[in-house]
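The values are calculated or read from the model by the stated rules, or taken from the named source; none is laboratory data. Bear in mind that the values here come from a model prediction, so they are computed numbers and not experimental data. Neighbour counts are summed over all protein chains in view; Cβ atoms, including those assigned to glycine, are modelled from backbone coordinates with ideal geometry.
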Amino acid sequence: MEIKPGFAAACRMTIGAAQMTTTVGESAVLAEAGPFEPGEVVIALTTPDPVCAADLRDTPDRRRLGLAIRVVPPAYSGSIV
């Protein structure tokens, strides 16, 4: 879920040292990469600056929001769907 239309599409993803091309699905920001050597691969998602909900709609909510994302434990390996 994104705070405003286009927020997810403006995100950037880095996998290892490579800046990836991303696509936005119904509920995901996606990038493909690999293959990689065995070991840790760092994945970074960079979002636009968060937006205050009250600046977008008639609400007293002053929180600065962006994406609602699920984070999995670092030891996870596999596919997130």
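Data table
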| quantity | calculated |
| --- | --- |
| Leading residue by the ranking (surrounded by the fewest Cβ atoms within 10 Å (Cβ to Cβ)) among those in region 53-73 that are basic (Lys, Arg) and out of contact with any helix residue (DSSP H, G or I) (no Cβ under 7 Å at 6 or more places or on another chain) | Arg70 |
| Some residue of region 8-20 being at pLDDT 90 or above, assigned to a helix (DSSP H, G or I) and surrounded by fewer than 13 Cβ atoms within 10 Å (Cβ to Cβ) | yes |
| Thr47 among the polar types (S, T, N, Q) and under 11 Å from Leu67 (Cα atoms) | yes |
| Those residues of region 24-46 which are over 18 Å from Val72 (Cβ atoms) and surrounded by 12 or more Cβ atoms within 10 Å (Cβ to Cβ), in sequence order | Val24 |
| Condition broken by Pro50, with the remaining ones in (1) surrounded by 13 or more Cβ atoms within 10 Å (Cβ to Cβ); (2) modelled with pLDDT under 90; (3) not polar (S, T, N, Q) satisfied | (2) |
| Meets criteria (exposed (fewer than 11 other Cβ atoms within 10 Å of the Cβ) and among the acidic types (Asp, Glu)) for Glu2 | no |
| Complete set of residues in region 49-69 that are part of a loop (DSSP other than H, G, I, E, B) and either of a type in the set (Lys, Arg) or over 22 Å from Val24 (Cα atoms) (or both) | Arg57, Asp58, Thr59, Pro60, Asp61, Arg62, Arg63 |
| Residue that is nearest to the chain's Cα centre (by Cα) [pool: residues in region 35-67 that are over 17 Å from Met1 (Cα atoms) and in contact (Cβ under 8 Å) with a residue 12 or more places away in the chain] | Ala44 |
